[in-house]
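Below is one structure, written out as structure tokens; comments come after it.
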Amino acid sequence: MKKIEIFFEYLKKQPIGKFISSAKLAEILSVTDRTIRNYVVQTNKYYPDLIETDRNGYRFNHEKDVSREKINVSAVDGRRFSLLRLLLQKGEEGVDLFDIAEELKVSEATIRSDMSFLQVLAQNYQLVIRQHDFFYFIRGEDEHKRALIASMIRKSSNSTLSLECEMQKFLGEISLVKLKDYCKKIFARFGFKTNKYFEQNFILHLIILLNQKDTLEISNFKSPSLEMINEISSWIYENYKLEISQKGKYELALLCDGELSHNKAEVDSYVEQEISAVLNQALKELSDVFLIDFTDQLFLTRLLLHMQNLYNRIKENKVKRNLSAINIKMQYPVLFDMAVYLSSIIARDLKIKIAEDEIAFLALHIGSFLVEQKNNSNKIRTFLSVSNYLDHIDKMKNLIENRFGDEILIVPNNENIELEISIEEPSIRNAEQVKVHEFLNGRDFDMIQNGIKHVKQQRYLQFLEGLLPKLIQEDANLELESSLSKIEAFRKIGDWFISHSYTEEDYCEKLLEREQMSPTTFASGVSIPHAIKYETKKTGLLIIRPKDEFFWDEHKVILVIALAVSSGDSFDFNRIFPRMVECLVDEYHVKYLKESRSQTEFIQRLIAMMTADGYYE
């Protein structure tokens, strides 16, 4: 991939609205700032305003990219993706050759060529695309349609698109930014509190409902959230002339209802007894494996309502859900693994099959629960070095706690202090020091916030420097002189962990069991195989650098990072796994790690990568 293409794809995968500095881009691509500016000028010359410029750097303009722009090869993928989405949306109405050619601003011959490509691809998924009187139709099972479109998403770029990009693709002309802002506005007006996991979950549900004509009927459950959903639905219709069916509104309302409290009788009247029993047992097993208490009643209510609807959809063959599983797996790998394990238990006990896209929704439910859990032991021990004249220290303490009470713990003595806030020259050694005015102003609060960030950054760096050398032994960095296959890789991983007393003899089978549920490879060229449960004898990483790239299912792999995780180390492991995956979905990071020639160099590069841009938990 050329550097200008890497530049383009890197900006495109960033969260919507985020600017990246010229210096950061230059460092990533090993070019000068001037070269970055030339890339921007060159891109905007042919695709006006596609890259936005600001004093904070550059960002990709997603509203200029609705899969219609002809941007080299990626434009072809985007156009075919749009055609496939339209085929699925239109159903028996079909897609008109001439209308779609005009809409996408290409010739009829180009559309015919794209349809021929899709026809060949569809055959691999037991689907058929037929033409009749200049109309195209797709025929086949819903499960096979989902598999096809998910495959196209995964292959659409060497650098995986961000979740927001994918959402915008399915929304088409609807602005994701405006939709999210309006939903937040309505939630706030109704006093409905949310977090980022619920917001993603809600928008994904909404997108699916806009892309299907019918959903399940909701019965035996009164919804206090329906008025809120009606307002969102009215806004979408007024601005984009798209309607959500009444059944769809009830499904969204029920999703919101899960965030509210309900009496037990009301929930019991809606949720089947068998599903309730299975879910409670599954959560108990999940707690035993991941050492997290899932007994919170509000979380249980949310999950009971979700599982009843999931069960209904599966039994009635109406599973039309989230097509963004691959991105959720990358953004929240620990949550996704928890959801994989939870799904395996539920599927076993209810004798159903739970698709990967449904697992992604369970991951967001788990994330929504975990983000609400507070842990005071993680707060930064802070000392105020201020005179108490006229109770001034108490007044300052109240002001600071009102702003930063979720992050810091102000203590009365200066023992084991991480952050010192002082109106004089700070004096505590080995502590982050912030000097403020006697009467706090806006700049003082900014300084305190920066001090908190620095402490968190230093905490994470020290944590990685202490943990990673323990997890990666000196002989755990294997450089192979021979070629490798997927099966040989599993055998080599199992043999190494067993011979080094990390796991039991059946570890290779457990790796394959996890792989069958959801692939552990990424388009960036890395595979991260691991078991479903955290139950090995001890925790460690095995690095395999094959001589040549090899195919691992549909992806070419140049680096394998295999994991063995003990239940006793699950807390520490969960602090590194999400960030590691976040870094490794980028192709240039994978190549950078592969070039390491020793255990020490690999660890140094991995730490530098995981702490780049001042990252902290």
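The values are calculated or read from the model by the stated rules, or taken from the named source; none is laboratory data. All values reported here derive from a predicted model rather than from experimental measurement. For neighbour counting, all protein chains shown are included, and Cβ atoms are generated from backbone atoms with ideal geometry for every residue, glycine included. Keep in mind that these areas ignore ligands, DNA and RNA; they rest on the heavy atoms of the full protein, side chains included. Shrake-Rupley method; radii C 1.70, N 1.55, O 1.52, S 1.80 Å.
Every residue in region 493-529 that is more than 20 Å from Arg545 (Cα to Cα) and of a type in the set (Ser, Thr, Tyr), please.
Ser501, Tyr502, Thr503, Tyr507, Ser518
Might you let me know whether region 596-603 holds any residue that is open to solvent by 20 Å² or more (accessible area, probe 1.4 Å) and closer than 19 Å to Leu335 by Cβ? Break it down stepwise before answering.
Narrowing region 596-603 to residues open to solvent by 20 Å² or more (accessible area, probe 1.4 Å): 597-601.
Checking which are closer than 19 Å to Leu335 by Cβ leaves us with none.
No, region 596-603 has no match at all.
Of all residues in region 546-574, how many are surrounded by fewer than 16 Cβ atoms within 10 Å (Cβ to Cβ) and modelled with pLDDT of 85 or more?
The total comes to 5.
Which one of the conditions (1) part of a helix (DSSP H, G or I); (2) open to solvent by 10 Å² or more (accessible area, probe 1.4 Å); (3) of a type in the set (Asp, Glu); (4) at pLDDT 70 or above does Asp114 fail to meet, given that it meets all the rest?
Exception for Asp114: condition (2).
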